[in-house]
């Protein structure tokens with residue numbers, strides 16, 4: 001079992017169209033607070049980001065915000081947090097959140113959320129890190145994305161092992177259990193040689 005002391009949660013700065021999204025954010029936040037798992041997130045005071053932060057704090061949990069100055073200038077920062085990191089750019093923000101976290105969860109969100117979770121998946125794939133990456137699939141929000149990732153495997157752009165390393169569940173409790181018990185599937189190092197051979201055969 002992995003020792004998970006902190007989890008980075010990516011989610012929307014909007015509450016979305018369905019009340020279940022906010023309910024799930026609060027449920028996950030309370031669960032992290034009760035389990036004394038530090039919540040690392042983008043530091044916003046609006047949308048699902050605010051909901052999960054407040055819920056974690058309500059259970060005595062620790063919340064860490066990370067935000068570039070440009071967004072702080074738009075007055076969307078939860079500056080009352082005891083730990084808040086101001087960074088220079090969105091790229092540095094992702095690096096800082098990864099540094100502070102033992103695992104990653106994406107809740108429903110938009111382009112920024114997708115960018116963040118895919119970068120975490122990419123870093124695992126390139127063996128820059130080995131940290132669980134998960135989708136909280138509230139109300140089937142990520143069903144189509146999961147299907148697309150399966151398609152990328154079928155088309156041989158993504159290795160099956162890398163796709164299977166992405167944890168998916170609708171239940172915050174079950175997702176945390178999966179994260180704590182996750183053992184990463186590894187790809188044989190000769191996969192690069194296989195790609196070289198495939199490339200040569202089609203030239």
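Dividing the radius of gyration of the alpha carbons in the range 84-203 by their Kirkwood radius gives 1.00 for Rg/Rh. Determine, from the Cβ-Cβ distance of residue 84 and residue 122 and an R0 of 30 Å, the FRET efficiency 1/(1 + (r/R0)^6), rounded to the nearest 0.05. FRET efficiency, residue 84 to residue 122: 0.65.
As a length-normalised measure over Cα pairs under 8 Å and 6 or more apart, the relative contact order of the chain settles at 21 percent.
Taking the longest Cα principal axis of the chain as reference, the axis of helix 191-201 is set at about 50 degrees. The shape of the range 1-83 can be summarised by an equivalent ellipsoid whose semi-axes, obtained from the alpha carbon gyration tensor, come to 20, 16, 10 Å from longest to shortest.
Could you give the angle, 0 to 90 degrees to the nearest 10, between helix 143-154's Cα long axis and the longest principal axis of the Cα atoms of the chain? Value to nearest ten degrees: 20. Entry note, the chain: the mean residue ellipticity at 222 nm calculated from DSSP H runs of n ≥ 4, each adding -39500 (n - 2.57), is -14000 deg cm²/dmol after division by the residues and rounding to the nearest 500.
Given the C-alpha centroids of the range 56-79 and the range 109-139, what is the distance between them in whole angstrom? Their Cα centres are 20 Å away from one another.
Spacing of the modelled spin labels on residue 170 and residue 198, each 7 Å from Cα toward Cβ, amounts to 3.4 nm. Extent along the principal axes, Cα only, for the range 24-67: 25, 18, 12 Å, with the longest axis given first.
Relative to the longest principal axis of the Cα atoms of the chain, the long axis of helix 47-58 makes an angle of roughly 60 degrees.
No value in this document is a laboratory result; all are computed from the given coordinates. Here the structure is a predicted model, which is why all the values come from computation and not from measurement. Note that each Cβ is placed from the backbone with ideal geometry, even for glycine, and that neighbours are counted across all protein chains shown.
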